[in-house]
1. Summing +1 for each Lys or Arg and -1 for each Asp or Glu, what net charge is found among the other residues whose Cβ lies under 9 Å from the Cβ of THR217?
2. Compute the angle between helix 252-263 and the longest alpha-carbon principal axis of the chain, please, reported from 0 to 90 degrees and rounded to the nearest 10.
3. Return the long-range amide H neighbours of LEU37 (sequence gap of 5 or more, or a different chain), with a cut-off of under 5 Å between placed amide H atoms.
4. How much accessible area per residue does the chain have, in Å², with a 1.4 Å probe?
5. Taking Cα atoms, how many degrees apart are the long axis of helix 104-114 and the longest axis of the chain, rounded to 10 and kept between 0 and 90?
6. Residues with beta-carbon under 12 Å from that of GLY72, excluding GLY72: net charge, scoring Lys, Arg +1 and Asp, Glu -1?
7. Counting only protein heavy atoms and a 1.4 Å probe, tell me what percentage of region 166-297's accessible area is made up of carbon and sulfur.
8. Where a ≥ b ≥ c are the square roots of the eigenvalues of the C-alpha gyration tensor, would you call region 199-244 rounded, which needs a/c under 1.5, or, failing that, prolate if a/b is larger than b/c, or oblate?
Amino acid sequence: MTILTSGARMVVTGAAGFLGSHMVARLLDAGVEVVGLDDLSSGRVDNLAAVMSNPSFELRVADVSDGFTVDGAVDAVLHLASPASPVDYLARPIETLRVGSEGTRAALELALDRSARFFLSSTSEIYGDPLVHPQPETYWGNVNPIGVRSVYDEAKRYAEALTYAHARAHGLDVRVARIFNTYGPHMRPDDGRVVSNFIVQALSGHDLTVYGDGRQTRSFCYVDDEIDGLLALLDSDVEDPVNIGNDGEFDMLTLAELVLELTGSSSRIVHEDLPLDDPRVRRPDLTRARTELGWEPRVSLRDGLIPTIAYFASITPSA
Ligand code: UDP
């Protein structure tokens, strides 16, 4: 049954974040009334500038891990709140575990109380450093449970487990998206992820920092494609987890060279130490998304980098 209809009311945690802010804008475009929550620890009110005066939107500044509720009817609870960049979650390990556990529990309880659909933004990180490539949803993953990245990976794995426990125990209507590396406007210039780092470095004339030999791979999805996929899943009847991302696979040296070409920068490429437990490869198997959602990404890396570079150019001082 479609729930993405004009007049629906939805709650979005992490509303001021990179993905949250795009999600809020798209829900409002569809005529949905949105209550957003964010503690502004990694999200920014600036990301919501275009929607703050929309009467169908309300932002509440609160830490969802402390527990929360929202009065009135709720058709869906979208739990997007979490640090998502390795730099952010390594800096706030306990908070990351809390929002995956206590934050997810609070969001699930609200959904249960209002008989709402629950949507979890999970991650490709639940596959860890994968031994199966590309990664289908049936792969159980290869995660170091006590490694530095476990604060994010295990928090999201627990969040998935808690979500499906609520589906089984209470018949809660759930959707789980496993999001692969996404980029685009509204990423923080200092969030430490590779796309934002390389673009900001290229635009400001600094060296591009490739970690390790730069042969590790990621599959980068432009944010508009990502949100299309998340909305298709939200509005579908697919209760199993679904990978949402782009299955074009690039190594970090290739990405660095593409950013240099598209920015026209004369920055150099330098190598720095590879972070601990950095996955060697990552690429989604999108069979389930294609067959069950009828969705697939459309924007190539080159075409997505162009508006992303323009966004960072608008907020970054030039060299
Ligand atoms: N990376 C890099 N230079 C940077 C930032 C990241 O080479 O300035 C690498 C990082 O080691 C990883 C990949 O880029 O192999 C993607 O890192 P990111 O932090 O964007 O996301 P992850 O997929 O690791 O969560």
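1. Numbers: positive: ARG215, ARG218, ARG280, ARG282, ARG283; negative: GLU249, ASP251.
Overall, the nearby charge balance is +3.
2. 80 degrees
3. Hits under the 5 Å cutoff: VAL12, THR13, GLY14, ALA15, ARG60.
4. Values: 13130 Å² over 319 residues.
It amounts to 41 Å² per residue over the chain.
5. Tilt of helix 104-114: around 30 degrees.
6. On the way: positive: ARG9, ARG114; negative: GLU33, GLU58, ASP71, ASP75, ASP113.
Combined, the nearby Lys, Arg, Asp and Glu give -3.
7. Within region 166-297, the accessible surface is 44 percent carbon and sulfur.
8. Numbers: a/c = 6.27, a/b = 2.27, b/c = 2.76.
Here region 199-244 falls in the oblate category.
The values are calculated or read from the model by the stated rules, or taken from the named source; none is laboratory data. Source: prediction; values computed, not measured. Neighbour counts run over all protein chains shown; Cβ positions are idealised from the backbone, glycine included. We work out accessible area using only protein heavy atoms, side chains counted, and drop any ligands, DNA or RNA first. Shrake-Rupley method; radii C 1.70, N 1.55, O 1.52, S 1.80 Å.
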